1. Please find the FRET efficiency linking LYS80 to ARG53, where r is the Cβ-Cβ separation and R0 is fixed at 30 Å, and quote it to the nearest 0.05.
2. Looking at (i) 34, 16, 14; (ii) 19, 16, 14; (iii) 46, 20, 14, which value of semi-axes √(5λ) of the Cα gyration tensor in Å comes from a calculation on the structure shown?
3. In nm, what is the difference between 0.36 nm times the number of residues separating LYS105 and ALA28 and their Cα-Cα distance?
4. Could you give the size of the charge dipole of the chain about its Cα centre, using +1 on the Cβ of each K and R and -1 on the Cβ of each D and E, expressed in debye and rounded to the nearest 20?
5. Please quote Rg/Rh for region 57-118 to two decimal places, taking the Kirkwood radius as Rh and restricting both calculations to Cα atoms.
6. Using a 7 Å offset from the Cα along the Cα-to-Cβ direction at both GLU35 and ASN120, what is the distance between the two label points in nm, to one decimal?
7. Using r as the Cβ-Cβ distance of ALA20 and VAL44, and R0 as 35 Å, what FRET efficiency do you calculate, to the nearest 0.05?
8. Once R0 is set to 25 Å, what does the formula 1/(1 + (r/R0)^6) return for the Cβ-Cβ distance between ASN112 and ASN91, expressed as a FRET efficiency to the nearest 0.05?
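Read-outs: derived from the displayed coordinates by stated rules, not from any lab. This structure is a prediction, so every number in the text was calculated from the model and none was measured. When we count neighbours, we look across all protein chains shown, and the Cβ atoms used for this are built from the backbone with ideal geometry, even at glycine.
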Amino acid sequence: MQVVAKTPRISVRIEGDIPARLLEALKAEIGDELEIRSGDEEYVDVLGTAWYRGLELLPGEALAHYRALHGLTQAQLGEKLGDLPRQHISNMETGRRVITLEMAKKLAAILNTSPVNFLNI
């Protein structure tokens, strides 16, 4: 029989100036896994912020954003869409070609987002 025990993550919050000796002791005890954050940093999901909700991207801008977010070139996205030429993707991103509802659904499936992001509604 095999038993696996995982060490729980330890979180310590110290406010104010931290003495150098205390930092040295923590580094000696924890090692390379020690993560030190300075200031009042707080990580939030950007999608839930008022700033993000206030952004209004045009459909082509949204396409370029999500394509880059997924690390795809225009040519690679074109291949995933059924061998569309790179220029076709470029024209959608620059607004020279309208993104139809059907195309928005295909893009959303590939880029893991809502079709609404690619429609001008």
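1. 0.55
2. (iii)
3. Working: separation 77, 0.36 × 77 = 27.72 nm, distance 5.33 nm.
Answer, rounded to one decimal: 22.4 nm.
4. Charge dipole, the chain, about its Cα centre: 640 debye, nearest 20.
5. Checking Rg against Rh, the ratio lands at 0.90.
6. Here the modelled spin labels are 4.3 nm apart.
7. 0.70
8. On the way: r = 23 Å, r/R0 = 0.92.
Efficiency, from the Cβ-Cβ distance: 0.65.
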